[in-house]
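Beneath this line is the structure, given in structure tokens, with notes to follow.
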Amino acid sequence: MSRISRGMARVTTTAATALLAAAHAAMAGAQAPTIDSVRVQRVARAAQRDFELRRRANLPLSFDDAYGRCDTRIGRFCYWHDDAPAPRRVDEPRVIVQARQQLLRTLRQAATQSPHDGWITGQRVRYLDDAGLADSAVATARACTGLAWWCDALVGFALHQASQYAGADSAFTRALGEMPDDVRCDWSDLSALLDGPLADRYAHGDCDARQALDARVWWLARPFYSLPANDLRTEHFARLVMATVSQDVASPQGVPWGDDIRELVIRYGWPRWFTRQQPPAGSLAERPILGHDPEPSFTFLPDARLVDSAFTATPGDWWLLDPAARTRYAPRYATAVHDVPVQVARFVRGDSLRIVAAYDLSADSALAHDDLRVALVATPAPDSVFDTVVSPASVTGVLQLTVPRDSLIVGVEALASRERAGARVRLALVPPDTAGRLALSDVLWYAAGEEPPRTLDDAAALATAGDHVARGRPLGLYWEVYGSRESGEPADLSLTIERTGTSWWSRMRQRIGLGGGDTRVALRWHELLLPHEGRVERALGVDISRLDAGVYRVRLEVAAEDGAAAHAVRQLRIEE
């Protein structure tokens, strides 16, 4: 991701907004300014301006072809997202490093003379982070003695930049609780991140009315439920802090502050390094400055349909690589986030659900390390997450989790910190339909052997990852029946595996033996259902070697003599 200033259009600002007005108050400090404090801040501002002038004058040249690039136009700026590998970061010249050190010394001296000045503290935290001194930035923010909410916001910023997301979340929560109502309203406003129907709905609500929608958006947008905090949310507040400390001061790109810069920061973050663009040969144009954002970045925010119908979601509803995304985020802990081949199935245990997930990460070499952690997560609502984490984990395995019997977002998440690689998949699960007397669990695929598994744990140990199986080996199916009479009862069962996407005439020709490849397996049998601990556990191996490769619909039915019945349906892909 990069951004570049195009032209010098007139700058418009909304200084009357509560955010900017409150930022001035926060950075002025908790006490009324004195003549000395005004003088001290004037000296500090001059030092900040001088540093940015020296930085701009000494930026390394970039030969990236930025001319004509403009995926998104925001005010004076063009922003683009490049699917190509991120350019290698160019080290700063020593003169810039030394100039920043001098600025930090000046700001430290200013803080000693005017310790309650929130502007000075904010600049110190910002430039310590800019220098890569995360621990010093955290210590400086924690020593802040200005307005309480501003100090806590700086702590949140510094902790987020240090990848301490749980601490950052707590600090930002404190800051929101300490803010005046109008400031809290601005800091909670997500309108810059939203588009389409969700943005329209958001625009028609006041701050109180938007709280429930805010919580739902952050819940579904959380990058990894198995991490202790929502780092996308702390990233958003960190961007607001950066927008606050960047207003009305000299910028690295030499462009006066405006609403376009604030929108860029809130939507995409801020550049972490800069280069000066080499103009085309023979051009007399001024060398524009490119700001380089962290790469690669992803889009985690849900769309309106997902917000409204979260419990109908499929893995494809979380598309992280949308090139036209309105907002993007690059987690420090995962420079790649891939899909996880996974099979997830539900089983009833009284008032709870037992979730079984089989995964296979062997195709991703970046995850094959001894620091790999894999988690099975389930979340029924914002601020409620159940998980089981294995660390160190194998690249293939099976996880089980027992959770309340509720509609859930379920996911398998993998992170390898050494390679900064991640993988995840999410889907919605609702409890099995138990409206009738009989009910069925999901069907769980497993690698069939000579002896069928007798229990769920036995079947789970053999479960295969993903929705696909190999054509040349038997398919194992495990399921459970609920609600049968304790004394036992006879029932008819049927299993149909039928290819999808074929015409009615083709299916009929195959069924009556008039040619065509096999597209269907159909089994029927009669047995006694005798439950143990409220369930009947069954497993069956099926020969699918005669079926063509393709996508199939698997339907299992059970029917008792009194008319009680249930069915379960899953999709299966058979591969060569």
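The values are calculated or read from the model by the stated rules, or taken from the named source; none is laboratory data. Everything numeric here is computed off the predicted structure, so don't read it as measured data. Cβ placement follows ideal geometry from the backbone for every residue including glycine, while neighbour counts extend to all protein chains displayed. When the accessible area is computed, the model is the full protein with side chains, heavy atoms only, and any ligands, DNA or RNA have been set aside. Shrake-Rupley method; radii C 1.70, N 1.55, O 1.52, S 1.80 Å.
To the nearest ten degrees, helix 94-113 and the longest principal axis of the Cα atoms of the chain are 80 degrees apart.
Surface composition of the chain: carbon and sulfur atoms hold 50% of the protein heavy-atom accessible area at a 1.4 Å probe. Considering all C-alpha pairs of region 342-426, those separated by over 22 Å amount to 26%. Under the definition of Cα pairs under 8 Å and six or more residues apart, what whole-number percent is the relative contact order of the chain? Relative contact order of the chain: 11 percent. Remark: spin-label model distance SER352-ASP492 equals 3.8 nm, labels positioned 7 Å along the Cα→Cβ axis. Relative to the longest principal axis of the Cα atoms of the chain, the long axis of helix 35-57 lies at roughly 70 degrees.
A cut-off under 15 angstrom between Cβ atoms defines the neighbours of GLY316, and their net charge, with Lys, Arg +1 and Asp, Glu -1, is -1. Summed over qualifying helices (DSSP H, 4 residues or more, each -39500 (n - 2.57)) and divided by its residue number, the chain shows a 222 nm mean residue ellipticity of -9500 deg cm²/dmol.
Solvent exposure of region 167-307, expressed per residue, is 36 Å² of accessible area, with all protein chains present and a 1.4 angstrom probe. In this simple spin-label approximation, ALA139 and LEU528 carry label points 7 Å from Cα along the Cα→Cβ vector, and these lie 7.7 nm apart.
With unit charges on the beta carbons (Lys and Arg positive, Asp and Glu negative) and the dipole taken about the Cα centre of region 153-274, which residue among PRO228, THR173, LEU193 sits farthest to the positive side? It is PRO228.
For the pair region 299-351 / region 167-193, the C-alpha centres are spaced 25 Å from each other.
Within 10 Å, count the other beta carbons around each residue, average over each peptide in 104-117, 333-346, and list them highest first.
The densest-packed peptide leads the list: 333-346, 104-117.
With K and R counted +1 and D and E -1, the other residues having a Cβ less than 15 Å from that of SER136 yield a net charge of +3. Annotation: the chain has a Kirkwood hydrodynamic radius of 27.3 angstrom, from the mean reciprocal C-alpha pair distance.
In this structure TRP319 has an accessible area near 150 Å², from a 1.4 Å probe over the protein heavy atoms.
Placing unit charges on the Cβ atoms only, positive for Lys and Arg and negative for Asp and Glu, gives the chain a dipole magnitude near 1980 debye about its Cα centre.
For region 363-433, the per residue solvent-accessible surface stands at 40 Å², with DNA, RNA and ligands left out and a 1.4 Å probe.
Against the chain, whose longest principal axis is taken from its Cα atoms, helix 231-246 shows a tilt of about 10°. Among ASP231, ASP371, the order of accessible area from largest down is ASP371, ASP231, computed with a 1.4 Å probe on protein heavy atoms. Residues in region 98-138 average 41 Å² of solvent-accessible surface per residue, probe 1.4 Å, ligands and nucleic acids excluded.
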